[in-house]
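Student: Input: one structure, supplied below.
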Amino acid sequence: MTRSARNPNPIVHPPPLLMARSSPAVLLLLLALAGVAAAGDIVHQDDEAPKIPGCANDFVLVKVQTWVNKKEKDEFVGVGARFGPKIESKEKHANRTRLLLAQPSDCCTPPTAKVSGAKVSGDILLVERGLCRFTKKAKVAESAGASAIVIINDKHELYKMVCDRNETDLDIGIPAVLLPKDAGSKLRSLLSSGEVLVQLYSPDRPLVDTAEVFLWLMAVGTILCASYWSAWSAREADIEQEKLLKDGHEIPPNHEAGGSSGMVDINMASAILFVVIASCFLITLYRLMSHWFVELLVVIFCIGGVEGLQTCLVALLSMSRRFKPAAESFVKVPFFGAVSYLTLAVCPFCIVFAVLWGVYRRLPFAWIGQDILGITLIVTVIQIVRIPNLKVGSALLSCAFLYDIFWVFISKMLFHESVMIVVARGDKTDEDGVPMLLKIPRMFDPWGGYSIIGFGDILLPGLLIAFALRYDWAAKKTLQSGYFLWSMVAYGSGLLITYVALNLMDGHGQPALLYIVPFTICTFLALGMKRGELRNLWTRGLPERVCTHTHPSLKDTADPVRSS
């Protein structure tokens, strides 16, 4: 779960066409793909840089707006230093100041009498990184009469300018800003076009990000819809089974009680295997991350999105009397088997939709198509993949919990950077990150970007919540006496705490499952223990009930027995 998809701070009724025929290994791969973007904010972590007197500023992003010969040009983004005065936050209060190229360019020694053919008098100096401390560059520039200093990094990313622990003379009166190498090179090239004016300011982010509110509603709504579809499918299958038993028919060998054909139950081995597959896939992404590899992920996502979209559309349209005959008429298609006419009619639209998104995914409004494909994919997977009992659900979420913590936090000790965050950020590519996430643009944030949430943060807890609703309906529980309502409240609360922690920690990596998993599992365990149903939930996953069809003599008995 994350705040920004692109931030300059370094700081998945009718069974689907393909997935119903997929093996558990393929579904595990889908869960692994979802787990890739299941956590971590797409910003770099803070370096260890304790605040000391004179060097205690918070790290802030700084906008560097430029004018060449009084005509507005490019805007660059840098990061402010720990030292020096705070940078103005209001654009209207920031001054336009002349920019000069320092001589010498590193500003480690006092500049010559004239810098770039002009005297330094309240101007801003543009200097190169290297050869001396950031604090010394700032002191030299201040002594020469500069009002601020802009430093060009020697790498294509931002770097936090800090002070050494043993530094004492930190009385610096001018602000310092660091630009990445590419931005600094463009800014330096503008100096050859005429007089360059720059304006430095650091606008504050809004206290509450409205995009995060909509993203929270989107995540909760997706699980809500997926859970009701899953429970409805299970109830329809139970009704069908009851009719067969009532009529004296034998139950087909492949018919699943409490479910429907084409569904896949996760077992303990699959739950544990999830961590292994997801970790191997994440390492592969980390090692092979490149433009072509992200393109491959886009293709995989589009294939899954087509499947999810057509499944949801067929289910919705088949509810209408106009389309119901087409949904109930089938034709045999090679490789796919029996396919409804409605599915054949919907598939071309879904394919065109996914292809158009893949081609135009970099456009400003492409996030809408990505969210539609992502939500339908998640709903479809939750409708197909089932957790049979609380033991498997707890094992799956616990494994995902450890997976998130390890690859967001502990992996930094082994790889010197957070593997999950690097992959989610899409380093070494020109993409905003991997496509396995939902995102909404931050409309009222002066820094722009996206608020995002990974598929895994919705899909994995959604499997357990869908199990809760199936159990409630089978046990004929009310909303308050069941488990679904409270597990939804637990999920929503855990996701809300994630956003709070994300903002309190300045947007740094916070795996959402770190908060969601304890909330949901502990709620389930506490309610099950209080109601005396924990053993049944844990091992069987189905309510105890009388089977009157195979045991007619038990119709009037008060002692319940397990269903046949």
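Student: Which of the residues belonging to the range 372-407 are open to solvent by 10 Å² or more (accessible area, probe 1.4 Å) and touching a strand residue (DSSP E or B) at 6+ places or on another chain (Cβ under 9 Å)?
Tutor: Matches in the range 372-407: I375, R386, P388.
Student: If you don't mind, another one. Let me confirm something: among G448, G482, which residue is more than 22 Å from N536 (Cα to Cα) and assigned to a loop (DSSP other than H, G, I, E, B)?
Tutor: G448
Student: Right, here's the next one. Could you check how many residues of the range 465-507 are more than 26 Å from S233 (Cβ to Cβ) and surrounded by fewer than 19 Cβ atoms within 10 Å (Cβ to Cβ)? Walk me through how you get there before you give the answer.
Tutor: Kept after step one, since they are more than 26 Å from S233 (Cβ to Cβ), are these residues of the range 465-507: 493-494, 496-507.
With the extra rule that they be surrounded by fewer than 19 Cβ atoms within 10 Å (Cβ to Cβ), the set shrinks to 493, 496-497, 500-501, 503-506.
Residues in the range 465-507 being more than 26 Å from S233 (Cβ to Cβ) and surrounded by fewer than 19 Cβ atoms within 10 Å (Cβ to Cβ): 9 in total.
Student: Please go through the range 203-245 and pick out each residue that is of a type in the set (G, A, S) and over 26 Å from the mean Cα position of the chain (by Cα).
Tutor: A231, S233, A234, A237
Student: Additional query: Name, by its number, the condition in (1) in contact with a Ser or Thr (Cβ under 7 Å, 6 or more places away or on another chain); (2) modelled with pLDDT of 85 or more; (3) under 29 Å from M413 (Cβ atoms) that does not hold for G40.
Tutor: Status for G40: all satisfied but (2).
Student: Then there's this: Does V162 satisfy the criteria of being of a type in the set (V, I, T) and open to solvent by 10 Å² or more (accessible area, probe 1.4 Å)?
Tutor: yes
Student: Quick check on the range 408-421: of everything there that is under 12 Å from Y286 (Cβ atoms) and buried (at least 21 other Cβ atoms within 10 Å of the Cβ), which residue is modelled with the lowest pLDDT?
Tutor: I421
Student: Let me ask something else. Counting only residues that are hydroxyl-bearing (S, T, Y) and under 30 Å from Y483 (Cβ atoms), give me the helices (runs of 4 or more DSSP H) lying completely in the range 347-439 with at least 1 of them.
Tutor: Ranges flagged: 366-384, 390-405.
Student: So, one more: Would you mind finding the one in A183, A138, A176, A146 that is more than 19 Å from T66 (Cβ to Cβ) and in contact with a Gly (Cβ under 9 Å, 6 or more places away or on another chain)?
Tutor: Within the list A183, A138, A176, A146, the selection yields A138.
Student: Tell me, yes or no, whether the range 509-521 has at least one residue that is more than 19 Å from F401 (Cβ to Cβ) and either in a helix (DSSP H, G or I) or open to solvent by 40 Å² or more (accessible area, probe 1.4 Å) (or both).
Tutor: Scanning the range 509-521 turns up no residue that is more than 19 Å from F401 (Cβ to Cβ) and either in a helix (DSSP H, G or I) or open to solvent by 40 Å² or more (accessible area, probe 1.4 Å) (or both).
Student: Output the qualifying pairs, or none if there are none: Cβ atoms under 6 angstrom, residues six or more apart or on different chains, first residue in the range 194-223 and under 26 Å from F76 (Cβ atoms), second residue aromatic (F, W, Y) and open to solvent by 10 Å² or more (accessible area, probe 1.4 Å).
Tutor: That search, which allows pairs on different chains as well, returns L197/W67; P206/F444.
Student: Of (1) at pLDDT 90 or above; (2) closer than 27 Å to Q241 by Cα, G528 satisfies all except one. Which?
Tutor: Of the numbered conditions (1) at pLDDT 90 or above; (2) closer than 27 Å to Q241 by Cα, the odd one out for G528 is (2).
Student: If I filter the range 170-227 down to residues being among the hydroxyl-bearing types (S, T, Y) and more than 30 Å from L460 (Cα to Cα), which single residue comes out as surrounded by the most Cβ atoms within 10 Å (Cβ to Cβ)? I'd like the intermediate steps shown before the answer.
Tutor: Going through the range 170-227, the residues among the hydroxyl-bearing types (S, T, Y) turn out to be 185, 189, 192-193, 201-202, 210, 222, 227.
Then drop every residue that is not more than 30 Å from L460 (Cα to Cα), which leaves 185, 189, 192-193, 201-202.
On the way: S185: 12, S189: 9, S192: 9, S193: 11, Y201: 18, S202: 23.
Looking at the filtered set, the residue picked out is S202.
Student: Please list, ordered by residue number, the strands (runs of 3 or more DSSP E) wholly in the range 141-218 having 1 or more residues that are over 20 Å from P110 (Cβ atoms) and either at pLDDT 90 or above or among the hydroxyl-bearing types (S, T, Y) (or both).
Tutor: 176-179, 196-201
Student: Still on this structure: Look through the range 531-541, keep the residues that are open to solvent by less than 60 Å² (accessible area, probe 1.4 Å) and of a type in the set (D, E, K, R), and return whichever of them is modelled with the lowest pLDDT.
Tutor: R540
Student: Moving to a separate point now. For residues that are in contact with a Lys or Arg (Cβ under 6 Å, 6 or more places away or on another chain) and either more than 30 Å from D371 (Cα to Cα) or at pLDDT 90 or above (or both), tally how many sit in the range 231-257.
Tutor: Residues that pass the stated criteria total 1.
Student: Would you tally the residues in the range 320-371 being of a type in the set (S, T, Y) and open to solvent by less than 20 Å² (accessible area, probe 1.4 Å)?
Tutor: Number of matching residues: 2.
The values are calculated or read from the model by the stated rules, or taken from the named source; none is laboratory data. What you see is a predicted model, and the numbers here were worked out from it, not measured in a lab. A quick note on method: Cβ atoms are made from the backbone with ideal geometry, for glycine too, and the neighbour counts reach across all protein chains shown. Just the protein is used for accessible areas: all its heavy atoms, side chains included, with ligands, DNA and RNA removed. Shrake-Rupley method; radii C 1.70, N 1.55, O 1.52, S 1.80 Å.
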